[in-house]
Amino acid sequence: MSDIFEENKPRNRLLDKIKKDPTPVIGLAGLVGVVGYSLFHYRKKSSDMKPSVYVIQTRVFGQGMVVGAVTLGLLYHMYQTYKEKKSEIVPAVIGIVEPSDVIKVKKA
């Protein structure tokens, strides 16, 4: 009975979603990294740089992180799709498929 409640906990659902698709986690890590970097280096910026210019540069850096995360997510999903299709093809190539499973095509 307690197993039913264990499966529905928000933490377990979050971990399942992270295992299924790690792209949002990469994006959040990038966001935290950009914000932390910009806050840490704000006081070390050159004195002739306006704060608005620094904020714009930080925004561009953050957008670059988003594009990188989306690209990594795309590559990850392409690899997963390739791996799934390859696993479907391999048994047919090796000869594991039974002769009764093969569909005969008649020439017209």
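The values are calculated or read from the model by the stated rules, or taken from the named source; none is laboratory data. Everything numeric in this text was worked out from a predicted model, so none of it was measured. Every residue, glycine among them, receives a Cβ derived from its backbone with ideal geometry; neighbour counts consider all protein chains shown.
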Checklist entry - How many residues are surrounded by 11 or more Cβ atoms within 10 Å (Cβ to Cβ) and either in a helix (DSSP H, G or I) or under 26 Å from the mean Cα position of the chain (by Cα) (or both) when one looks only at the range 31-66? => result 20
Checklist entry - How many residues are basic (K, R), at pLDDT below 85 and under 22 Å from I26 (Cβ atoms) when one looks only at the range 54-104? => result 1
Next on the checklist: So K107 passes all but one of these: (1) surrounded by fewer than 10 Cβ atoms within 10 Å (Cβ to Cβ); (2) modelled with pLDDT of 80 or more. Which condition number does it fail?
Outcome noted: (2)
